[in-house]
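Below: one structure, written as structure tokens.
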Amino acid sequence: MAVHDSTISLLNESLREHLYAAETCISFRKDITWGQNQKGGCLGFPGVTLMFCIVDAIGSYHRGKKGL
């Protein structure tokens, strides 16, 4: 993470990082060490939690802006 001089710059980097991490969770495939019933599945709960964080961050930033 870089040092940021503005909130916009920080949000731009952090949202990109969250999107990348969520994509990594969804792209991940579990092997047999996760258990027979979970083999082939993705990391869905962490992925969706990150997506909710992204939506919440965007909503919080734009809260009260009537132009949206």
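Quick note: the coordinates plus some simple rules give every number you see, no bench work behind them. Values in this document were obtained by computation on a predicted structure and should not be read as measured data. Cβ placement follows ideal geometry from the backbone for every residue including glycine, while neighbour counts extend to all protein chains displayed.
Rounded to the nearest 10 degrees, the inclination of helix 44-62 to the longest alpha-carbon principal axis of the chain is 10 degrees.
Relative to the dominant Cα principal axis of the chain, helix 7-27 is inclined by about 10°.
Using a simple charge model, +1 on the beta-carbon of Lys and Arg, -1 on the beta-carbon of Asp and Glu, nothing else, what dipole does the chain show about its Cα centre, in debye to the nearest 20? Intermediate results must be reported in sequence, preceding the final value.
Numbers: 7 positive and 6 negative charges, 56 e Å.
So the magnitude is around 260 debye.
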